[in-house]
Structure formats: structure tokens, C-alpha cells
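Engineer: Okay, handing you the structure first.
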Amino acid sequence: MKTLRFIVVLGFAAVVAAGSELTPGWQALANYRAEDALKVFDGRLNDPNPAVAREAQFGRAVALLDRQPVSDSQVAEARRMFAELAGSGTDDFAQGARFYLGRIAQHHQLQPDPAEAARQYRQLIAEHGDSIWAQSALSRLALVLIYDLDPTVAPAVRIAGAEKLLAEAKTPSAESELHLVIASAIFFYRLPDAPALSHLLAVVQLGRVEWTVRSEVLMQVAELSRLAGRKADALIYYQMFLNENPLDPREYIVHQRMKGLE
């Protein structure tokens, strides 16, 4: 999950960097230098410009969650600062703060609180559905719904609930993340493969995942197609995998699979 958190921080930094006086702090965070980031943000917490002060508060809270080792006191302070920001406006800092309140409840608390995480994510999506924060929250909410919120509910029902979030996805990246989460859950719970294949095909068509993820998805689509008896589709995706990953050690296996299908 660290990669996903890192992308979100960078996404927000890109929004504020153009006119931000705190760009060095965001750059330090992007380079995993939380201590340096804290020095930048702490120096502007009482800035006479309210927008700069809010940005500094948000930056400090994010840096506290990033500074290792993360202590309970750091998490508590970050949660307090995020709650103050989320309850005092609707700007990017308030939206980002609500996103991180969800993340804290989901991952950073000593005792995770999936119900609180879901509440924060749902409120963010309902109030600011088009924002980068709400779109990033969709896959996190899906994870909470599928694995954490109510384990007494049948896995297929939980996954169906997560699939409803696809209607809220406004960007190809958010939609791809959701499809990947749902497909992984289908495999995890050993449910029938056909729905997983549909989700993975959507990921390939959207084309908005890193190449390492894409190579795995292409292989999964080819294998699932072969097992389902869809020989023509399997050949297409095996060949696509070979074209995009000519040095992959699985090349020999793929060629053998293709020979068997031909």
C-alpha cells in the first residue's frame, strides 16, 4: 500500500507546487525525507496567510505518518490535525485530510476501525466525488468492504457491494484500481473465475496500470481464457504478453501454451 500512498502525495504535491511556498516540503516527502519535510512545514504553521498555514498543517500531518518509526503519539497528532482541517473547510486540504482520516482508521491505528474508515471514505466520495482524493478513496473503500467491514457476510455479497463503486469512478486510473481489487478478491475467496476475467479485461482495455502490473494481468487474462476454452482470446493475450515482455522468464512457458492451443 505504500506505493499507492506515495502516488497520492505526489498527486497532491503536483496541484500545490505551481504556486506553493512549501514546495520544498513536498519534494522532501516525495524523496522519503520526512524529517526535512517537517522542518519546512513546521516553519509555516502560523503563517499570516491562512491558505499557507492550512497547507503547512496538512503537510505536517502527512509527514508525521511518514516519519519512521511511526509512534502512537504521531498518529494521534496527525489524526487531530486532519480532523481540524476536514471540519473547517471544503478545499483540497480538507478533502485530503478526510482521505487520511480514513487511512488512519484503516491502517495506522493500533486497533483498526473499518467502520470509521468506510464512513470517512463514503463522506469524501459523496461530497467531492470528482476530486483526486475521492477517486483515490474508491479502491480503499472497496478493500474495507471486501475484507474488513463485516466478515460475517458472504464474500460474493461483499464483492458485489464493491462492484457498485465502479459507478463512482471518474478516471481510468481509479476504475483500473477498482477492477484489480475486485479481481484479486475473487481469486482470494476462490470464487468462479469468469467475473475475474471480465474485470481483468477491463484493466487491459483501460491501459492505466504500471507495466509490471500489466504484464501480470495479461498473463492472467491469457490463462483464464485458455482454461475457459476461449482459445482465440488466449492466443491474442499470450502474444500481447510476449510482445510487451520479450525478456520475461515465462516466455518459454507461454510459447508452449500457444503451441498447445494451435
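Engineer: Only one of (1) surrounded by fewer than 16 Cβ atoms within 10 Å (Cβ to Cβ); (2) under 21 Å from the mean Cα position of the chain (by Cα); (3) assigned to a helix (DSSP H, G or I) fails for Lys170. Which number is that?
Structural biologist: (3) is the only condition that Lys170 fails.
Engineer: Just give me the residues in region 27-56 being crowded, with 21+ Cβ neighbours inside 10 Å and either more than 19 Å from Ala97 (Cβ to Cβ) or out of contact with any Ser or Thr (no Cβ under 7 Å at 6 or more places or on another chain) (or both), in sequence order.
Structural biologist: Ala28, Leu29, Ala37, Val40, Phe41, Arg54, Ala56 - these are the residues of region 27-56 that are crowded, with 21+ Cβ neighbours inside 10 Å and either more than 19 Å from Ala97 (Cβ to Cβ) or out of contact with any Ser or Thr (no Cβ under 7 Å at 6 or more places or on another chain) (or both).
Engineer: Can you give me the number of residues within region 237-262 that are crowded, with 17+ Cβ neighbours inside 10 Å and without any contact (Cβ under 8 Å) to a residue 12 or more places away in the chain?
Structural biologist: Number satisfying all stated conditions: 0.
Engineer: Now for a separate question. Restricting attention to region 217-236, which residues are within 15 Å of Ala183 (Cα to Cα) and either in contact with a helix residue (DSSP H, G or I) (Cβ under 7 Å, 6 or more places away or on another chain) or surrounded by fewer than 17 Cβ atoms within 10 Å (Cβ to Cβ) (or both)?
Structural biologist: Val217, Leu218, Met219, Gln220, Val221, Ala222, Leu224, Ser225
Engineer: Tell me the residue from Arg119, Arg103 that is among the basic types (Lys, Arg), under 27 Å from Ser176 (Cβ atoms), modelled with pLDDT of 95 or more and surrounded by fewer than 18 Cβ atoms within 10 Å (Cβ to Cβ), please.
Structural biologist: Only one candidate passes the filter, namely Arg119.
Engineer: Considering each of Glu251, Glu168 in turn, give the residue that is of a type in the set (D, E, K, R) and under 28 Å from Leu124 (Cα atoms).
Structural biologist: Of the residues listed, the single one that is of a type in the set (D, E, K, R) and under 28 Å from Leu124 (Cα atoms) is Glu168.
Engineer: I want to confirm something. Restricting to region 177-211 and keeping residues that are surrounded by fewer than 16 Cβ atoms within 10 Å (Cβ to Cβ) and part of a loop (DSSP other than H, G, I, E, B), which single residue is modelled with the lowest pLDDT?
Structural biologist: Arg208
Engineer: Moving on. Name every residue in region 233-249 that is within 17 Å of Leu200 (Cβ to Cβ) and of a type outside the set (Ser, Thr, Tyr), in order of residue number.
Structural biologist: Across region 233-249, the qualifying residues are Asp233, Ala234, Leu235, Ile236, Gln239, Met240, Phe241, Glu244, Asn245.
Engineer: Name the residues in region 220-253 that are of a type outside the set (Ser, Thr, Tyr), assigned to a helix (DSSP H, G or I) and either touching a Cys at 6+ places or on another chain (Cβ under 7 Å) or over 22 Å from Ser184 (Cα atoms) (or both), would you?
Structural biologist: Residues satisfying the conditions are Lys231, Ala232, Leu235, Ile236, Gln239, Leu242, Asn243, Glu244, Glu251, Ile253.
Engineer: A further question on this structure: Taking the stated definitions as given, is Ala13 in a helix (DSSP H, G or I), surrounded by fewer than 21 Cβ atoms within 10 Å (Cβ to Cβ) and either at pLDDT below 95 or within 25 Å of the chain's Cα centre (by Cα) (or both)?
Structural biologist: So Ala13 fits the description; yes.
The values are calculated or read from the model by the stated rules, or taken from the named source; none is laboratory data. Because the structure is a prediction, the values reported are computed rather than measured. Glycine gets a Cβ as well: all are built from the backbone with ideal geometry, and neighbour counts include every protein chain shown.
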